[in-house]
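Worksheet: one structure, shown below.
The values are calculated or read from the model by the stated rules, or taken from the named source; none is laboratory data. The structure displayed is predicted, hence computed values, not measured ones. We place every Cβ from the backbone using ideal geometry, glycine too, and count neighbours over all the protein chains shown. Each accessible area value is taken on the protein alone, full model and side chains, heavy atoms only, with ligands, DNA and RNA left out. Shrake-Rupley method; radii C 1.70, N 1.55, O 1.52, S 1.80 Å.
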Amino acid sequence: DTAVSQTPKYLVTQMGNDKSIKCEQNLGHDTMYWYKQDSKKFLKIMFSYNNKELIINETVPNRFSPKSPDKAHLNLHINSLELGDSAVYFCASSPGTRAQEYFGPGTRLTVT
Amino acid sequence: QQQVKQSPQSLIVQKGGIPIINCAYENTAFDYFPWYQQFPGKGPALLIAIRPDVSEKKEGRFTISFNKSAKQFSLHIMDSQPGDSATYFCAASKAYNTDKLIFGTGTRLQVFP
């Protein structure tokens, strides 16, 4: 059983488009995250939700909007995609903050 | 501002060697220090973690050494195997419930047979 799943695994799109990445966890965790990993492998948190409430919102462009319809899902919507948005996006979950984070397999976004 | 500095960027060892990856932090409020392992095409996975009340923690072939006064911690992999080839990230977070993990820049380890 996949603990943290993301769809799609690969996403290729053109500049200016709007796209969404979906994340689901079946671990019963309260906290979910979105991370961005750039081409140099640098991993940086973007957002964190605890029980559907936004608790961490890093300085990301407001073209990025997370949505948590319930505790098990945290989706990421990106408007007006730019070349610099190309990266691997990871969803993660944990039973609480400062606890082990379980990462999904990642979504490789390529903006052309 | 890079709050957790990791070195080296890449490391090549032979099977059986003991690669050591070092991390240094600045913020004394950090009190949770995990290491994550990432294989190509996969998400990072927690390997081992330490809190500053101990100076060393071992789990199997992986050991974290922690030096609170120097604000440094390191990962040692004993008897390294080709299957250990991956990218390793150190991280740190503060003692607040809403705090985030801050990751180091990663070390790409290659273990040759």
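Some notes on this structure:
A quick yes/no check of all residues on (1) closer than 30 Å to residue A:30 by Cβ; (2) not polar (S, T, N, Q):
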| site | (1), (2) |
| --- | --- |
| B:7 | no, no |
| B:21 | no, yes |
| B:47 | yes, yes |
| B:65 | no, no |
| B:112 | no, yes |
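- Residues that are in contact (Cβ under 8 Å) with a residue 40 or more places away in the chain and of a type in the set (A, V, I, L, M), drawn from the range A:48-97: A:55, A:72, A:74, A:76, A:78, A:81, A:83, A:87, A:88, A:92
- Every residue from the range B:1-37 that is within 11 Å of chain A (Cβ to nearest Cβ), over 14 Å from the mean Cα position of the chain (by Cα) and surrounded by 15 or more Cβ atoms within 10 Å (Cβ to Cβ): B:30, B:31
- Residue ranges of strands (runs of 3 or more DSSP E) in the range B:38-98 with at least 1 members of a type outside the set (Phe, Trp, Tyr), open to solvent by 80 Å² or more (accessible area, probe 1.4 Å) and more than 11 Å from every other protein chain (Cβ to nearest Cβ): B:56-59, B:72-77
- Residue tally, condition modelled with pLDDT of 90 or more and out of contact with any Gly (no Cβ under 8 Å at 6 or more places or on another chain), over the range B:1-26: 18
- Across the range A:1-28, the qualifying residues are those that are assigned to a strand (DSSP E or B) and over 15 Å from the mean Cα position of the chain (by Cα), and the one among them that is surrounded by the most Cβ atoms within 10 Å (Cβ to Cβ) is A:13.
- Among the residues of the range A:45-81, those that are of a type in the set (D, E, K, R) and within 20 Å of residue A:7 (Cα to Cα) comprise A:52, A:63, A:67, A:70, A:71.
- Lone unmet requirement of (1) outside any strand (DSSP E or B); (2) hydroxyl-bearing (Ser, Thr, Tyr); (3) crowded, with 17+ Cβ neighbours inside 10 Å for residue A:39: (3)
- Cβ pairs under 8 Å, 6+ apart, first in the range A:7-30 and closer than 22 Å to residue A:48 by Cα, second charged (D, E, K, R) and surrounded by fewer than 13 Cβ atoms within 10 Å (Cβ to Cβ): A:26/A:1
Let's see how each residue does on (1) touching an Asp or Glu at 6+ places or on another chain (Cβ under 7 Å); (2) of a type in the set (A, V, I, L, M):
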{"position": "A:3", "(1), (2)": "no, yes"}
{"position": "A:12", "(1), (2)": "no, yes"}
{"position": "A:23", "(1), (2)": "no, no"}
{"position": "A:27", "(1), (2)": "no, yes"}
{"position": "A:33", "(1), (2)": "yes, no"}
{"position": "A:36", "(1), (2)": "no, no"}
{"position": "A:40", "(1), (2)": "no, no"}
